[in-house]
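All remarks here apply to the structure that follows.
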Amino acid sequence: MSYLPKTPSRHHRSRSETKTPLTPSLTSGLNALSLGFPRQGSSSPAKTKADVSINPFLASRPASPVRRVQSRPASPIKRATSGSLHVSDSLQRQASSGVIRKGGVESRIDVITRDYVPPRTQKRSRSQPNRDTRDRFITARDMTEEVTATLDMMSLNPQSASPGHTARLAAATGVPINRRVLAYHEPPPPSSSDPLLAQARELVRPLYARPGALPTSTSSSTGKSRKISTTPERVLDAPGMLDDFYLNIVAWGAQNVLAVALAENTYLWRAESGDVVQLGEMPEGTYASALDFSMDGQYLGVGSGSGAVELWDVETQTKLRTMTGHSTQVGCLSWNQHVLTSGCGDGSIWHHDVRVARHKVGELTGHVGEVCGLKWRSDGELLASGGNDNVVNIWDGRIGDVAPGTRAGARWTKRNHTAAVKAIAWCPWQPSLLASGGGTSDATIHIWNTTTGARLHSVVTPSQVTSLQWSPHKKEFLSTHGYPTNAVMVHAYPSMEKVVEIRDAHDSRVLYSAISPNGDVVCTGAGDENLKFWRVWEVPKVKKGKEKEGSRSGTGSTSSGILSIR
Amino acid sequence: MAPTKQAPTRQAITLKGSTNLVTEFFKFAANTILFQRGVYPADDFHMVKKYGQTVLVTQDLALENYLERILKQVNKWLLTGSVTQLVLAIISKDSRTTLERWVFDINLVEQPTNTSEPAPVKPEAEIQAEIRNILKQIVSTVTFLPVIDEPTVFNILTYTTESADVPADEWVDTDPLAIEASKSQQVKLRNFSTDVHRIEAMVAYRYEG
């Protein structure tokens, strides 16, 4: 310490040892007052003390160099310049960039200095590379260079007058021209989010994730030139509509009448006029759980939560008969001419012949879980059913051969789905094709060839498949989905390409759908108590005349294929 | 009627305008660093469109206010030209060692005084493109920066001139939170400049290879 003022290099060494901020120390060479450390930088010592305790970064500062530097008397000017001699630009840069070169050239030099203090004028170390301006032994530099170096080091404001002038000024007055390193008095706030909560959020993220996200929820994206409106054509209020995956409470009949069950009430909406009539009400304590129009659209089958199946005349809005026998909820109904087939919560499927008093003409037992999807093929040859036991069954439709009580086995039993199968649809233009879609944990649509029993195509969707509708005119089908996308999607067949996806078609999961008799509009229902009508397909105009011939493609409100049950 | 002289669509950027631009850049740069280096959980950030790209900005109110307070003062210092450097240091929470130092040098662009013609005005689009490049570079640095496993905190240091007007009880002199040269690597990033300021970015990180 005693020879400290004499040897500036000693000064350097101590600095690099203690990692004292270089810049303030340099300043001390000019003026001890310009030191950047808390006690001096702050207005009141007591306050700073408190700050030191607050700021963890300040606390980490070693105390000893501070004291040493502080105790050093204000340096003579001469020392200031000579001290700055040995600090090159690069060293200054290191300092300002927060890096202190330890074990670098200068520290090695410092070690020598400890033993031998060379006279200033002595020329040594000629062998040292000239470029190393940090070599304090090379003293042959002219003074102007030194001054500019000093200046540079101090990073003077370039807008101040000429460098030489400033340097002289600085040298003469010892004015502190330097930087201060300042930090805000309080440490940055810790993250407010609870790590446990964050972890929990991380875990549920897959549930919120909407795979294959589109730029916007309503944009359609395919290379197709066809534009499908992503907004509903019409929205009807459906107060009290049940939000139950296992029900099928929207049906659109051949008379262009839409039936919808709102809890215990059944309403009819005539698409042509827009009139709404209440068809009827369920007995106290139960609700309508399934609807289906007969093939001519004259009659409506209504399944109830108690297991009864009612038959209503659409025209007169009267109940014709009630067929009882099921023990629990009838979740799905499907007509085949005069036979109304019902799927029950206990897994049984019954054929009701609506013309005869003893209505139960057949029973199909193949499901161990609730039957939630049931569709007759339009020709009545085959019946497809899907259940809560994740099974798709395809039954032979020739019920006449089956005596009451006989247990007929399913023609095909498909166990590829891994969740309840509610969505079932027969292809109208290729009779052997059947589409089925699985629930939440499956979310897959399979296309089957019911003749060979082969699985032809599969497509994985982002969320549960709640219903499927084939287009009668186009090689496409529509699927409705539940949480989280609540989407209506149109897929091309057989490429299975997504033609359009309407995200958030409803505010809650889309559960029910029905296609209009002419096949252009699809109506969807959901737990958000809305019925929405989507114009998805167009009715080909040219074909209309040709098809009058007798194929029951259902382009008109009535079709010759319909057989009256009277 | 003589055709009206085409008014200049944009005046030369003023000191105030440039200061605001620089301050805003610091805000987004700091946010980007805090997100990219995982100082705060990714949950705290949300996407904002800025400089023609998506920038992640914190939505933690406490942090937002903290940065706001700092940048307000930096803005004042910028106006008086008394801040020369801004450093965002990332520090290990437990050992208190500095792991990374993000350094932004602030230089005043020298105006050529001898020429009577005013310097050509730098189009704002160009400035934005430069800023965008820096932010993109910050994002890309994660490819070479060492992975930080430990919890970290950050601190913002400002290097001011000695004459700077310092609010005494808000700002305190501090250690530069340096990284020893033998254990550090430095990478210079791009820079951007307005008509008044030139900002040079650099990152130094602890690397004991």
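In a simple Cβ point-charge model (Lys, Arg +1; Asp, Glu -1; nothing else charged), chain B has a dipole of about 740 debye relative to its Cα centre.
In the structure shown, do any of A:Lys319/A:Lys360; B:Lys16/B:Lys188; B:Lys50/B:Lys93 have a Cα-Cα gap over 23 Å, and if so which?
Listed pairs above 23 Å: B:Lys16/B:Lys188; B:Lys50/B:Lys93.
In Å², rounded to the nearest 100, what is the total accessible surface buried by chains B and A against each other with a 1.4 Å probe? Summing both chains' loss of accessible area gives about 4400 Å².
Karplus-based coupling profile of the range A:387-394, in residue order and whole Hz: x, 6, 8, 6, 10, 10, 10, 10, with θ = phi - 60° in 6.51 cos²θ - 1.76 cosθ + 1.60 and x standing for Gly or Pro.
When the chain is fully extended, how far beyond the present Cα-Cα distance does A:Glu186 get from A:Glu315, taking 0.36 nm per residue of separation? Please report the intermediate quantities before stating the final value.
Values: separation 129, 0.36 × 129 = 46.44 nm, distance 7.93 nm.
Going from the current span to full extension adds 38.5 nm.
In order along the range A:496-501, the phi-based Karplus estimate (6.51 cos²θ - 1.76 cosθ + 1.60, θ = phi - 60°) of 3J(HN,Hα) comes to 6, 6, 7, 7, 8, 10 Hz; Gly and Pro are listed as x. Using the Cβ-Cβ distance between B:Leu61 and A:Ala198 with R0 set to 22 Å, the FRET efficiency from 1/(1 + (r/R0)^6) comes to roughly 0.85. For the range B:124-193, the list of chymotrypsin sites (Phe, Trp or Tyr not before Pro) that fall in a loop by DSSP and count at most 12 other C-beta atoms within 10 angstrom reads B:Phe144.
For the listed peptides A:285-293, A:317-325, B:87-95, a ranking on the average number of other beta carbons within 10 Å per residue, highest first, reads A:285-293, B:87-95, A:317-325.
What is the count of Lys pairs in the range A:384-516 whose alpha carbons sit under 23 Å apart, if the two are 8 or more places apart or on different chains? Final tally of qualifying lysine pairs is 5. Counts of other chain beta carbons within 10 angstrom of each beta carbon in peptide B:81-93 average 3. Return the loop-located trypsin sites (Lys or Arg not before Pro) in the range A:485-546 (DSSP other than H, G, I, E, B) with at most 12 other Cβ atoms within 10 Å of their own Cβ; answer none if there are none. Hits after loop and neighbour filter: A:Lys541. Distance between the pseudo-spin-label points of B:Ser140 and A:Val368 (7 Å out from Cα toward the beta carbon): 6.0 nm. Scanning residues 5 or more positions from A:Cys372 or on other chains, those with amide H under 5 Å from its amide H are A:Gly386, A:Gly387, A:Asn388, with H placed 1.01 Å from N in the peptide plane.
Exposed loop sites, defined as GluC sites (Glu not before Pro) outside DSSP H, G, I, E and B with at most 12 other Cβ atoms within 10 Å, are absent from the longest region of chain B, namely B:1-109. Rolling a 1.4 Å probe over the heavy atoms of the protein chains gives the range A:365-489 an accessible area of 35 Å² per residue.
Note on A:414-424: average number of Cβ atoms from other chains within 10 Å of each residue's Cβ is 0.
Each of A:Thr318, A:Trp269, A:Gly305 was scored by the projection of its Cα onto the charge dipole of the range A:223-319, and the greatest displacement toward the positive side belongs to A:Trp269; charges sit on the C-beta of Lys, Arg, Asp and Glu. Taking the charge dipole of the range A:337-378 about its Cα centre, with +1 at Lys and Arg Cβ atoms and -1 at Asp and Glu Cβ atoms, the residue from A:Leu374, A:Val354, A:Ser342 reaching farthest to the positive side is A:Val354. A Cβ-based charge dipole, computed about the Cα centre of the range A:324-439 with Lys and Arg at +1 and Asp and Glu at -1, lands at about 60 debye. Mean per-residue shielding of peptide B:155-168 is 6, counting Cβ atoms of other chains within 10 Å of each Cβ.
Near A:Leu511: Cβ cut-off under 9 Å, other residues only, Lys/Arg at +1 and Asp/Glu at -1. The net charge is 0.
Computed from label points 7 Å out along Cα-Cβ, the spacing between A:Asp396 and A:Ser441 is 3.4 nm. Residues whose amide H comes within less than 5 Å of that of B:Ser193, counting only those at least five positions distant or on another chain, are B:Ile199 (H built at 1.01 Å from N in the peptide plane).
The values are calculated or read from the model by the stated rules, or taken from the named source; none is laboratory data. The shown structure was predicted, so the numbers you read here are calculated from the model rather than taken from an experiment. Cβ atoms come from the backbone with ideal geometry, glycine included; neighbour counts cover every protein chain shown. Keep in mind that these areas ignore ligands, DNA and RNA; they rest on the heavy atoms of the full protein, side chains included. Shrake-Rupley method; radii C 1.70, N 1.55, O 1.52, S 1.80 Å.
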